[in-house]
Amino acid sequence: MSKEKTSKLEQTRAIRARQEAIGRELRRMYDSVIQEPIPDDFLELLKQMDAQDPNPPGKGAV
């Protein structure tokens with residue numbers, strides 16, 4: 001393989017490795033966030049919004 005092709009291959013591998021590392025870190029962060037409890041204030045707000053919505057999703061609204 002020529003030096004140019006080897007260099008391009010190494011660059012491609014380095015880019016892929018960085019992308020995989022970023023993906024792993026994002027998944028780790030996301031997993032920790034979804035484990036957090038939903039604040040009571042937010043749950044109450046969602047309940048109030050549901051009570052005010054005359055056509056909640058999944059109830060045949062068009």
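Coordinate-derived values only; no laboratory data. Please read these numbers as outputs of a predicted model, since none were measured by experiment. FYI the Cβ positions are ideal-geometry reconstructions off the backbone, even for glycines, and counts take in every protein chain you see.
Summing Cβ point charges (Lys, Arg +1; Asp, Glu -1) relative to the Cα centre of the chain gives a dipole of roughly 860 debye.
Estimate the FRET efficiency between ASN55 and ILE22 by the formula 1/(1 + (r/R0)^6), using the beta-carbon distance for r and 30 Å for R0, to the nearest 0.05.
Details: r = 40 Å, r/R0 = 1.34.
Step by step, r from the Cβ atoms, then E = 0.15.
Of the labelled figures (1) 2.24; (2) 1.29; (3) 1.16, only one reflects Cα Rg over 2.2 N^0.38 Å as derived from the coordinates, namely (1).
Considering only ILE22, PHE42, SER32, the residue lying farthest towards the positive end of the dipole of segment 3-51 is ILE22, judged by Cα position with unit charges set on Cβ. A simple rule links phi to the HN-Hα coupling: the Karplus curve 6.51 cos²θ - 1.76 cosθ + 1.60 with θ = phi - 60°, which for segment 32-44 gives 6, 5, 6, 7, 6, x, 7, x, 4, 4, 5, 4, 5 Hz, with x for Gly and Pro.
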